[in-house]
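The values are calculated or read from the model by the stated rules, or taken from the named source; none is laboratory data. These numbers were taken from a predicted model, which means no experiment stands behind them. Note that each Cβ is placed from the backbone with ideal geometry, even for glycine, and that neighbours are counted across all protein chains shown. Ligands, DNA and RNA are excluded from the accessible area calculation, which covers all protein heavy atoms including side chains. Shrake-Rupley method; radii C 1.70, N 1.55, O 1.52, S 1.80 Å.
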Amino acid sequence: MEYIELKDLVQIAEGPGSKIYKYTKPLEPSGLPAVVKISSDSLPKKAVEHLDLLKHCGLMLPAFMEVCLVEGKPALLMEDLFTDEMVYVSPNSVRNGFFDNAPEAYLLHNKLNDIANMDSLLWQMRDIANCTNGKGIGLDMDMISFGVQRGNKYSDVYYKLVDIEVMQHDDSMLYQLREANLISAQEAIYLFVKYFVEGDEVKKRLMEQIKSFDW
């Protein structure tokens, strides 16, 4: 378990009840960049438990996610998704008014001109619901973050399930959550286009693709 001091953390984002900090020291022995999520209303252990469930669904997830201690209190240590190469953003953060979070602020000021891999991305959004079907996993659109290559306004768009502590899991709901999960995926990609793509005509075309896709 990693033991972290507050002096080694720099805040880059926040949400309702939580704050995200860039960990200024590389992890030992991997050297990977990391962030720390300190939350007032959810247990880091829950996120780690949900990660184990999602790993069996074949979905895109952070490279690592584990419990750490910050000044003796439990927090969540995970892959840094705001790097010199890639920027992952949460459309839900913008919808909730967190415009100044470093990742979202970056992409709001450097919006995409188009989404070249929109067809593939829609298939992936549908796969999120298909792969969780039969697992009793209930998705929230807040879980879905979208990534782009920094500095590339025509970047392909990727996704990862990040804020997974909000995930619901109920074994009594096997095979009954697909439609609800599809709605969460649709809402996430719709809001990404709304907030992070510029140009009315491009937005209109992409939103029409979302609407007409065979969900």
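Would you check which residues across region 91-101 are out of contact with any Phe, Trp or Tyr (no Cβ under 6 Å at 6 or more places or on another chain) and either in a helix (DSSP H, G or I) or on the phi > 0 side of the Ramachandran plot (or both) and list them?
Hits for region 91-101 are N92, S93, R95, G97.
For region 123-147, which residues satisfy the criterion of being touching a residue at least 24 places away in the same chain (Cβ under 8 Å) and in a helix (DSSP H, G or I)?
Q124, M125, R126, D127, I128, A129, N130, C131, T132, M141, D142, M143, listed by residue number.
Please determine, by comparing only the residues of region 102-122 that are outside any loop (DSSP other than H, G, I, E, B) and either free of Cβ contacts under 8 Å to residues at least 12 places away in the same chain or farther than 19 Å from V162 by Cα (or both), which one is most open to solvent (accessible area, probe 1.4 Å).
That would be H109.
Counting just the residues of region 33-90 that are part of a helix (DSSP H, G or I) and of a type in the set (A, V, I, L, M, F, W, C), which one comes out surrounded by the fewest Cβ atoms within 10 Å (Cβ to Cβ)?
Out of the qualifying residues, it is L53.
Tell me, which residue of region 149-177 that is open to solvent by less than 50 Å² (accessible area, probe 1.4 Å) and outside any loop (DSSP other than H, G, I, E, B) is farthest from T83 (Cα to Cα)?
This residue is E165.
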